[in-house]
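**Q** Submitted below is the structure of interest, expressed as structure tokens.
Coordinate-derived values only; no laboratory data. The shown structure was predicted, so the numbers you read here are calculated from the model rather than taken from an experiment. Virtual Cβ from ideal backbone geometry, glycine too; neighbours counted across all protein chains shown.
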Amino acid sequence: MFLEAKNIDKTYYIGKIPVKALLDISFEIEPGEFTALAGPSGSGKTTLLNIIGCIDKPDGGKIKIQEEILTGKSSNELAFYRREHFGFIFQTYNLIPVLSVFENVELPLKILKKYNQKEIHDMVMEVIRKVGLDGLEKRRPLELSGGQQQRVSIARALVKKPMLVLADEPTANLDSETGEKIVDLMKKMNEEEKVTFIFSTHDDVILKHARRTIKLRDGKIIN
């Protein structure tokens with residue numbers, strides 16, 4: 001077993017009114033899975049993804065990855081763990097507009113401070129080629145299409161060879177044809193790199209590509 005979520009609860013407050021985002025969520029993920037968290041807006045899938053990714057903390061329950069319990073760690077410990085082990089893909093791409101494709105992709109490696117400049121260059125160019133952006137490494141995000149920008153964010157998520165990639169609505173801002181290509185690319189990287197992927201979506205067209213789907217509604221797993 002790679003990841004275990006057990007009895008996860010999360011409540012937000014609108015003023016003094018409690019809103020249950022997640023209620024007693026439990027499931028397991030095996031290494032190398034390509035799993036979708038599915039459900040309509042407000043179902044809790046993004047909250048769950050953020051808790052798995054150490055961006056948010058649950059009110060109750062635990063998240064365990066490779067026998068290490070993450071719940072209960074301090075914010076600094078979670079930030080370090082997240083930086084070392086996770087890659088993130090966002091629906092809004094979250095690229096830095098003044099940086100080139102190469103510079104956006106190399107940023108996680110520079111933050112890690114583990115590699116020399118030649119190693120960084122080789123790692124960045126390798127992943128840029130794998131996502132089909134070779135020749136575009138000097139362009140800035142606004143010089144790219146939406147699909148190309150999402151490829152940059154995939155390259156950025158994968159460049160440090162994370163053990164887990166979390167993708168929040170990665171096709172939401174793309175047309176259906178481009179969205180399918182992006183999911184096909186993520187599947188290819190999942191198969192070739194053996195990286196575990198968990199992504200959230202409510203797009204039925206994209207869900208058909210998932211090898212496993214966990215369906216959420218009103219903060220509960222329904223299937």
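**Q** Which whole-number percent of Cα pairs in the chain have a distance greater than 27 Å? Intermediate results must be reported in sequence, preceding the final value.
**A** Values: 8116 of 24753 pairs.
Of all Cα-Cα distances in the chain, 33 percent exceed 27 Å.
**Q** If one computes P(r) from the Cα atoms of segment 1-122, what percent of pairs lie at distances over 24 Å? Before the final figure, lay out the partial values.
**A** Values: 2963 of 7381 pairs.
Considering segment 1-122, 40 percent of its Cα-Cα pairs are separated by more than 24 Å.
**Q** Could you work out which residue, out of Ile52, Ile128, Ile96, moves most in a Gaussian network model of the chain, that is, has the largest mean-square fluctuation with Cα springs under 10 Å?
**A** Fluctuation is largest for Ile96.
**Q** Starting from one equal scatterer on each C-alpha and no solvent at all, send me the Debye-based log10 I(q)/I(0) for segment 51-109 at q = 0.26 Å⁻¹, two decimals.
**A** -1.10
**Q** Considering amide H positions built from the backbone, and no H for Pro or chain starts, which residues 5 or more places from Ala21, or on another chain, come under 5 Å of its amide H?
**A** Residues meeting the criterion, in which the H sits 1.01 Å from N, are Lys10, Thr11, Tyr12.
**Q** Over the residues of segment 2-41, compute the C-alpha Rg and express it relative to 2.2 N^0.38 Å. Mind dumping the intermediate values first?
**A** Working: Rg = 13.5 Å, N = 40, 2.2 N^0.38 = 8.9 Å.
Rounded to two decimals, the normalised Rg is 1.51.
**Q** Less than 15 Å from a label point 7 Å out along the Cα-to-Cβ axis of Glu67: which backbone N atoms in segment 1-42 qualify, by residue?
**A** 1-4
**Q** Using modelled backbone amide H atoms (1.01 Å from N, in-plane), which distant-in-sequence or interchain residues come within less than 5 Å of Thr213's amide H?
**A** Ala36
**Q** A further question follows. Would you calculate a helix-derived [θ] at 222 nm for the chain, using -39,500 (n - 2.57) for each DSSP H run of n ≥ 4 and dividing by the full residue count, to the nearest 500? Write out the running numbers ahead of the final one.
**A** Numbers: 7 runs with 80 residues, N = 223.
Mean residue ellipticity at 222 nm (helix-derived): -11000 deg cm²/dmol.
**Q** Follow-up question, since we're still on this one. GNM on the chain, C-alpha springs below 10 Å: top fluctuator among Pro108, Pro141, Pro40?
**A** Checking each option, the largest mean-square fluctuation is seen for Pro40.
**Q** Evaluate the Kirkwood expression for the hydrodynamic radius of segment 136-223, namely the inverse of the mean inverse distance over all pairs of different C-alpha atoms, and round to one decimal in Å.
**A** Details: mean 1/r = 0.0711 Å⁻¹.
Averaging 1/r across every pair of different Cα atoms and inverting gives 14.1 Å.
**Q** Whole-Hz ³J(HN,Hα) for each residue in segment 14-27, computed from phi via Karplus 6.51 cos²θ - 1.76 cosθ + 1.60 with θ = phi - 60°, x for glycine and proline: what do you get?
**A** So the J values, rounded to whole Hz, are 9, x, 9, 8, x, 10, 6, 8, 9, 9, 6, 8, 9, 6.
**Q** Determine the relative contact order of the chain: mean sequence separation of Cα pairs under 8 Å and six or more apart, normalised by residue count, in whole percent.
**A** On the way: 420 pairs, mean separation 68.6, N = 223.
Taking the mean separation of contacting Cα pairs over the length of the chain, I get 31 percent.
**Q** Starting from the Kirkwood radius over alpha-carbon pairs of segment 179-223, derive D by Stokes-Einstein at 20 °C in a medium of 1.002 mPa s and give it in µm² s⁻¹. Walk me through the numbers on the way to the answer.
**A** Numbers: Rh = 11.6 Å.
The calculation lands on 184 µm²/s.
**Q** Quick one: dipole size for segment 3-221, taken about the Cα centre, charges +1 on Lys/Arg Cβ and -1 on Asp/Glu Cβ, in debye to the nearest 20.
**A** Details: 34 positive and 32 negative charges, 82 e Å.
The calculation lands at about 400 debye.
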